[in-house]
Amino acid sequence: MNENASLSRGRVWLWLLLLPFAGVLWVPFYNRLEPTLFGFPFFYWYQFAWVLVTALLTAWVHRRTAPAESVTGGRS
């Protein structure tokens, strides 16, 4: 496969990293108290949920875009 084609296809995964940014950027969407989760207002647990989602998305994008050698640690 052409190296440029694989690079451009790998960059498509980087668009997923905009989801957390957009999810917490629009504050009026989550600036409320209800629904609560374990006694925590929506405002707090929504932001904390994005911390976990961001970590998972970052790991997923890294696995999809990193060269094969760096993912396996350089071992065959």
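Structural remarks
- Cβ pairs under 6 Å, 6+ apart, first in the range 49-62 and farther than 21 Å from Arg11 by Cβ, second β-branched (Val, Ile, Thr) and assigned to a helix (DSSP H, G or I): Trp50/Val24
- Counting only helices (runs of 4 or more DSSP H) that sit wholly inside the chain, those with at least 2 residues that are within 19 Å of the chain's Cα centre (by Cα) and modelled with pLDDT of 95 or more are 42-65.
The values are calculated or read from the model by the stated rules, or taken from the named source; none is laboratory data. Keep in mind the model is a prediction, meaning the values are calculated, not measured. Virtual Cβ from ideal backbone geometry, glycine too; neighbours counted across all protein chains shown.
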